[in-house]
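J.: I'd like to ask some things about the structure below.
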Amino acid sequence: MNVTKTTNISALSDGGNRFYGDVTIDNNSVQQVRMATNTRDRYYGNVSFVCSSTGVIRPFYNDTTEVHGHLSVTSNKVEPDANNGIVRFAGNNNQTVSGNLTVKFKNPIIEKTGGHVTLDTSVSVSGTLKLVSGNILTTSAHLLTMLAGSSVTGASNSSFVSGPVKKVGNTAFTFPTGKGNSYRAVEISAPSNSTDAFTAEHIHDEEQGLYGANDTTLGL
C-alpha cells in the first residue's frame, strides 16, 4: 500500500493513526487492505482512496474514522461500506464527497463544528445515517440514497438534508429533509415492495401559493 502527499502521520494512543495534510492512499497490491479495524483513524486534511492494482481497500472497516477535509473515492475496489465501520464527518469547514462512482457508506455520521457536507457524486447508505450537526447538500445528479433496511437518526434544525433524498425498500420512512435553517421532514408509510423507491425534497418558496381547487385531503 502506498501513502502519498501527506505532511505528517502520527499514532494515536489507542493505536490508530492521525493523517495531517492532504493524503492519497493507494492499494497497489493484490491484497485486501483493512483500515480502522480495531482502532480509529483521523484525517485532518483531504483524503483520496484509490486502487491501482487488483487489491481492495476497506478504509472504515470496524471502528470510527474521522474525516475533517474532503473525501474522494475513485475506484470500485475501494469499499467504504465493508463490515460495520463508521465514518464521521467532523470538519469545521465545508467538506465534499467526490468520485467517479457512487460512494457507498455503511454508518456515516455528520457531526461538524462548522460548514456542511456537499455531495459531488452520488452516495448510498446501507446502515444508519446519524445526523448531529451540519447539513448534507444534495442535487438530483448527486443524490443521497438510503438503501433497503437503512435508517436515519437525529435529524433536527441543526442537521438535515438540503436537497433530494431517495429511499428504497418496503418500510415506513421519515425523510430527513429541510431547507435554510429549518428541518422539514417528509414521511411515507410502508410501501408494498422491497424494490419500491421514493424521492423527497423540501422546497421553501414564499412567493408560491396554491390556486384553484385543492385536493380535499390536503391540510396545507
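The values are calculated or read from the model by the stated rules, or taken from the named source; none is laboratory data. None of these values were measured; they are calculated from a predicted model. Ideal geometry is used to build each Cβ from the backbone, glycine not excepted, and the neighbour counts take in all protein chains shown. Ligands, DNA and RNA are stripped out before the accessible areas are found, and what is left, the full protein with its side chains, is counted by its heavy atoms. Shrake-Rupley method; radii C 1.70, N 1.55, O 1.52, S 1.80 Å.
J.: Out of segment 126-142, which residues are closer than 22 Å to Asn193 by Cα and part of a strand (DSSP E or B)?
T.: Here is the first cut: in segment 126-142, the residues closer than 22 Å to Asn193 by Cα are 126-128.
If the condition is that a residue be closer than 22 Å to Asn193 by Cα and part of a strand (DSSP E or B), then Thr128 is the only one that fits.
J.: Okay, next question. With respect to Asn83, is the statement that it is over 18 Å from Leu131 (Cβ atoms), out of contact with any Phe, Trp or Tyr (no Cβ under 7 Å at 6 or more places or on another chain) and either among the β-branched types (Val, Ile, Thr) or surrounded by fewer than 22 Cβ atoms within 10 Å (Cβ to Cβ) (or both) true? Even if it seems obvious, please write down each step before you answer.
T.: Working: over 18 Å from Leu131 (Cβ atoms): yes; out of contact with any Phe, Trp or Tyr (no Cβ under 7 Å at 6 or more places or on another chain): no; either among the β-branched types (Val, Ile, Thr) or surrounded by fewer than 22 Cβ atoms within 10 Å (Cβ to Cβ) (or both): yes.
Answer is no for this residue.
J.: Please give the number of the condition Ser126 fails out of (1) touching an Asp or Glu at 6+ places or on another chain (Cβ under 9 Å); (2) among the small types (Gly, Ala, Ser); (3) within 16 Å of Ala185 (Cβ to Cβ); (4) open to solvent by 10 Å² or more (accessible area, probe 1.4 Å).
T.: (3)
J.: Right, something else. Just give me the residues in segment 137-162 being farther than 19 Å from Gly114 by Cα, within 14 Å of the chain's Cα centre (by Cα) and small (Gly, Ala, Ser), in sequence order.
T.: Matches in segment 137-162: Ser150, Ser151.
J.: Quick check on this structure: which one of Thr121, Thr145 is modelled with pLDDT of 95 or more, part of a loop (DSSP other than H, G, I, E, B) and at negative phi? Reasoning before the result, please.
T.: Details: Thr145 fails: part of a loop (DSSP other than H, G, I, E, B).
Only one candidate qualifies: Thr121.
J.: Next question. Regarding Leu144, is this residue buried (at least 21 other Cβ atoms within 10 Å of the Cβ) and either basic (Lys, Arg) or over 21 Å from Phe19 (Cα atoms) (or both)?
T.: Judged against the criteria, Leu144 is a match.
Listed here are the residues, each with its yes/no results for (1) open to solvent by 10 Å² or more (accessible area, probe 1.4 Å); (2) in contact with a strand residue (DSSP E or B) (Cβ under 9 Å, 6 or more places away or on another chain); (3) touching a residue at least 40 places away in the same chain (Cβ under 8 Å).
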{"position": "Ser162", "(1), (2), (3)": "yes, yes, yes"}
{"position": "Phe175", "(1), (2), (3)": "no, yes, no"}
{"position": "Gly178", "(1), (2), (3)": "no, yes, yes"}
{"position": "Asn181", "(1), (2), (3)": "yes, no, no"}
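J.: So, of the residues in segment 196-212 that are modelled with pLDDT of 95 or more and open to solvent by 70 Å² or more (accessible area, probe 1.4 Å), which turns out to be farthest from the chain's Cα centre (by Cα)?
T.: The extreme case among them is Phe198.
J.: Right, next: Which of the numbered conditions does Tyr43 fail, given that it passes all the others? Conditions: (1) closer than 25 Å to Thr128 by Cβ; (2) surrounded by fewer than 22 Cβ atoms within 10 Å (Cβ to Cβ).
T.: The failed condition is (2).
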